[in-house]
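Taken together, the values in this text are just the output of simple stated rules run on the coordinates, not laboratory data. Bear in mind the structure is a predicted one, so any value in this text is a computation, not a measurement. A quick note on method: Cβ atoms are made from the backbone with ideal geometry, for glycine too, and the neighbour counts reach across all protein chains shown.
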Amino acid sequence: MSNTVIWTEKYRPKDFADVRGQDAIVSKVKAFVDQKNLPHLLFAGPAGVGKSSLALVVAKQMFKEEWRENFLELNASDERGIDVVRVKVKDFARTKSIGDVPFKIVFLDECDALTKEAQQALRRTMENYTGTCRFILAANYSSKILDPIQSRCAVFRFKPLPKQDVFSIIDKVAEEESIKLDDAAKEALYVVSEGDCRRVENILQSCAAVDKNITEELVFSLASVAQPKEIKGILETSIKGDFLSARRTLLNVMLRYGLSGLDLIKQIQKEVWNLDLDNRQKVSLIDKCGEIEFRMVEGAD
Ligand SMILES: Nc1ncnc2c1ncn2[C@@H]1O[C@H](COP(=O)(O)OP(=O)(O)OP(=O)(O)O)[C@@H](O)[C@H]1O
Ligand SMILES: [Mg+2]
């Protein structure tokens, strides 16, 4: 049944053209594939913007039907240390690639989870098997990857998807799944996802399970995010001095959306910038938010 399929997998890009919002990266990587020649690659950037998807597209386009035999995917953070990675790579690299491409591809996800020592070992592994393998490394933060590894790779920095691309993905899914959303709902999805496409598709799927007519309210409630205008309202009420009423609404909002104190303080922090205050007052409020967030993280809430 179609409703048991996870949409992030169902709508995973299958070809270069399906990867949205990373045009400069896609065209360079496609050129490598067209020439059947690939340097080691490092894909850096936030969650859900197409790093793993592009690595898969590279393998599929490079090796066509034989991509499974020539592609090894490992997750640096669940392979319990670099030794497991090394052994698996060694096994994989021992045999020649199948087909007309003279190398295989190792995709190593979450490389920034590796310690310095593990990265040193990875660097040696990359050197040892350059004859038979190309590495595609993925990481959220390129700054956590050792320079000697970075210098061996072509580095690509992925960005959160811009609004128009998020909208076009929403439109495509909506059409396929016969769901309806108005502009406010799309805007809400973009706001809560912050350009993370996986989050867009996941929230959309939960919304669709509740109602095929998706509204702004539904998006916010399933994303466990209060509506920005509600937070702004609470802040304005308290600035007017009506703390009791502000507190009542605040509790109400927290219960309705199932927000933790920490979720809430982060949203308040964002909303402070939209208040009708001078900059000095805004900065002092942000400062307070920071202090409260620190106390919540360090202590109990
Ligand atoms: N640029 C994109 N174009 C189209 N769909 C995308 C894009 N980026 C992500 N998606 C959608 O989100 C899902 C998850 O993306 P992907 O696994 O590529 O993210 P990632 O960048 O590897 O994130 P992470 O850092 O969390 O591993 C994909 O299956 C796809 O449905
Ligand atoms: Mg990934």
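Whether any residue in the range 202-225 is out of contact with any Cys (no Cβ under 6 Å at 6 or more places or on another chain), within 16 Å of ligand 2 (Cβ to nearest atom) and not aromatic (Phe, Trp, Tyr) is what I want to check.
yes
Mind checking which residues of the range 67-91 are under 27 Å from Asp165 (Cβ atoms) and either in contact (Cβ under 8 Å) with a residue 24 or more places away in the chain or part of a loop (DSSP other than H, G, I, E, B) (or both)?
Those that are under 27 Å from Asp165 (Cβ atoms) and either in contact (Cβ under 8 Å) with a residue 24 or more places away in the chain or part of a loop (DSSP other than H, G, I, E, B) (or both): Phe71, Glu73, Asn75.
Just give me the residues in the range 55-66 being among the hydrophobic types (A, V, I, L, M, F, W, C), without any contact (Cβ under 8 Å) to a residue 60 or more places away in the chain and either closer than 19 Å to Arg152 by Cβ or away from ligand 1 (no atom under 16 Å from the Cβ) (or both), in sequence order. Steps first, please.
Taking the range 55-66 as the starting set, the residues that turn out to be among the hydrophobic types (A, V, I, L, M, F, W, C) are 55-59, 62-63.
Now drop any that are not without any contact (Cβ under 8 Å) to a residue 60 or more places away in the chain, which leaves 56-57, 59, 62-63.
Residues satisfying the conditions are Met62, Phe63.
Identify, from the list Leu42, Leu74, the residue that is touching a Cys at 6+ places or on another chain (Cβ under 6 Å), closer than 22 Å to Lys144 by Cβ and away from ligand 2 (no atom under 11 Å from the Cβ).
That would be Leu42, the only listed residue that is touching a Cys at 6+ places or on another chain (Cβ under 6 Å), closer than 22 Å to Lys144 by Cβ and away from ligand 2 (no atom under 11 Å from the Cβ).
Have a look at Glu201, Glu230 and point out the one that is part of a helix (DSSP H, G or I), without any contact (Cβ under 8 Å) to a residue 60 or more places away in the chain and of a type in the set (Asp, Glu).
Unique residue meeting the criteria: Glu230.
Given the residues Glu236, Glu187, which is the only one that is under 21 Å from Lys163 (Cβ atoms) and not β-branched (Val, Ile, Thr)? I'd like the intermediate steps shown before the answer.
On the way: Glu236 fails: under 21 Å from Lys163 (Cβ atoms).
The match here is Glu187.
Among (1) within 9 Å of ligand 1 (Cβ to nearest atom); (2) free of Cβ contacts under 8 Å to residues at least 24 places away in the same chain; (3) of a type outside the set (Gly, Ala, Ser), where does Val49 come up short?
Every listed condition holds for Val49 apart from (2).
Limited to the range 95-111, what total is found for residues that are surrounded by fewer than 20 Cβ atoms within 10 Å (Cβ to Cβ) and within 16 Å of ligand 1 (Cβ to nearest atom)?
Within the range 95-111, residues that are surrounded by fewer than 20 Cβ atoms within 10 Å (Cβ to Cβ) and within 16 Å of ligand 1 (Cβ to nearest atom) number 1.
Do you know which of the residues in the range 1-27 that are of a type in the set (Ser, Thr, Tyr) and either surrounded by 13 or more Cβ atoms within 10 Å (Cβ to Cβ) or within 14 Å of ligand 1 (Cβ to nearest atom) (or both) is farthest from Cys197 (Cα to Cα)?
Restricting to residues being of a type in the set (Ser, Thr, Tyr) and either surrounded by 13 or more Cβ atoms within 10 Å (Cβ to Cβ) or within 14 Å of ligand 1 (Cβ to nearest atom) (or both), the top hit is Ser27.
Please work out which residue is nearest to the chain's Cα centre (by Cα), limiting yourself to the range 190-207 and to residues that are within 17 Å of Glu9 (Cβ to Cβ) and surrounded by fewer than 22 Cβ atoms within 10 Å (Cβ to Cβ).
Among those residues, the one meeting the criterion is Asp196.
Limited to the range 28-44, what total is found for residues that are within 15 Å of ligand 1 (Cβ to nearest atom) and more than 14 Å from Ala154 (Cα to Cα)?
The qualifying residues number 0.
Check Asn128 against each of (1) within 16 Å of ligand 2 (Cβ to nearest atom); (2) surrounded by fewer than 19 Cβ atoms within 10 Å (Cβ to Cβ); (3) not acidic (Asp, Glu) and name the one condition it does not meet.
For Asn128, the exception is condition (1).
Let's see how each residue does on (1) more than 26 Å from Ser284 (Cα to Cα); (2) out of contact with any Leu (no Cβ under 8 Å at 6 or more places or on another chain):
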site	(1), (2)
Leu181	yes, no
Val191	no, yes
Arg198	yes, yes
Leu218	yes, yes
Leu222	yes, yes
Ala226	no, no
Gly233	no, yes
